[in-house]
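Heads up, the thing below is written out as structure tokens.
Quick note: the coordinates plus some simple rules give every number you see, no bench work behind them. Predicted model, so just to flag it, every value in this text is computed and none were measured. Positions of Cβ are backbone-derived with ideal geometry, glycine not excepted, and every protein chain shown enters the neighbour counts.
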Amino acid sequence: MLDRLRRKNLHTWVRDYGRHLVRRARAPRAREPGHLLFALCDHYEPLWGGAPVDVGEARVDAWAERYPALGEFRDSDGRPPRHGWFFPGEEYRPHFLDRLARLARAGFGEVEFHLHHDGDTAATLAPRISEHLQTFSNHGHMSKVGDQFRWAFIHGNWSLANGRPDGRWCGVDDELVMLHELGCYVDLTFPSAPDPCQPDKVNQIYWPTGDLTKRRAYEQGERAAVGTHHDDRLLMITGPLALARKGLGVRLENGAITGDDPPTAARVATWVDQGIHVDGRPEWVFVKVHTHGAIEKTAASLLGPGARALHEALRGYMHRGWKLHYVTAREMFNVARAAMAGRTGDPSAYFDYIVPPPPIAKA
């Protein structure tokens, strides 16, 4: 049993999971149902598996043609589901970003930045990222504050800040510093369990602390709280990670939606029950889950029965008095920052609090 748990790398995060269970039991609860902020962050890779370009185009076209049907679902603000397409810079083709632009322009989500890389240093990687950001911007997808792009990030292969034990799929120990200098304001890579890159930071929104130039600098952090924030580093927003019941056994719930593990009402309940929030604002609950939605089997779920199960389960919280907010990664970050600034009330007032929408949203 111990060997099995170690193979799943439970030892890398179980300590903070235990602390999370204690925190959750002691945390103050809102007197009434609160606000549920839901973000679906997609590691959106049209060329996944080494697919040729025509297959990638078919994958993107399926989303462009079928996703608008989800507009029948509406949140408490009257908005449809808002998808986050974290597009890998190394897979750029004009057709891909143009098709996603049609969805973004119609209010169905936003494109953010994803990247797979290996054997880099900050000196070799930074120029490449800057080039990718400019390319995305040429399609209207990147927010800007002044002259600087402002963007959210998910690291390919989970290996943020050279986080793998074997040193593969990154190479940049000081990646957190480099990303922030290039305008990244939030990382949403985690949870990655059972992958070994998973830190001992579970079910929380936090600021990395300590020497941020060190490998796996995301392992240490200060929980985000009302009354304090940092402008000299990026924020970490993690999704739900839990050991949940499955029949007579236990499953690892890491917030990953796949073709073989589609959304269910039970999974949604587990995500919400983790109660991820900014300390001092427990009534604003953050649920960030992830997927690889370009893959045909996963897309079939997210654009079909799995999507209906997901959004009907979320709508059930509205029936119980919650206010549901479909948000992008950018909007989720803005609401978190508003919470830290002591803002109260309806979080929909703060969707554009710090980082403005990308130009495509205004087209």
Inspect region 105-124 for any residue being touching a His at 6+ places or on another chain (Cβ under 7 Å) and among the charged types (D, E, K, R) and give the result as yes or no. no
Extreme residue, surrounded by the fewest Cβ atoms within 10 Å (Cβ to Cβ), among residues of region 78-106 that are farther than 23 Å from Ile129 by Cβ and out of contact with any Phe, Trp or Tyr (no Cβ under 8 Å at 6 or more places or on another chain): Gly78
Residue list for region 337-360, restricted to those being out of contact with any His (no Cβ under 9 Å at 6 or more places or on another chain) and among the hydrophobic types (A, V, I, L, M, F, W, C): Ala338, Ala349, Ile354, Val355
So which residues in region 123-147 are surrounded by 19 or more Cβ atoms within 10 Å (Cβ to Cβ), in a helix (DSSP H, G or I) and more than 21 Å from the chain's Cα centre (by Cα)? Leu125
Give the residues of region 308-350 that are among the aliphatic types (A, V, I, L, M), free of Cβ contacts under 8 Å to residues at least 24 places away in the same chain and surrounded by 18 or more Cβ atoms within 10 Å (Cβ to Cβ), sorted by residue number. Ala338
Might you let me know whether region 164-177 holds any residue that is among the small types (Gly, Ala, Ser), surrounded by fewer than 23 Cβ atoms within 10 Å (Cβ to Cβ), assigned to a helix (DSSP H, G or I) and without any contact (Cβ under 8 Å) to a residue 40 or more places away in the chain? no
What strands (runs of 3 or more DSSP E), lying completely within region 179-256, carry at least 1 residues that are among the hydrophobic types (A, V, I, L, M, F, W, C)? 184-187, 205-208, 235-237, 242-246, 249-253
Restricting region 29-56 to residues that are surrounded by fewer than 17 Cβ atoms within 10 Å (Cβ to Cβ) and in a helix (DSSP H, G or I), the one nearest to the chain's Cα centre (by Cα) turns out to be Gly49
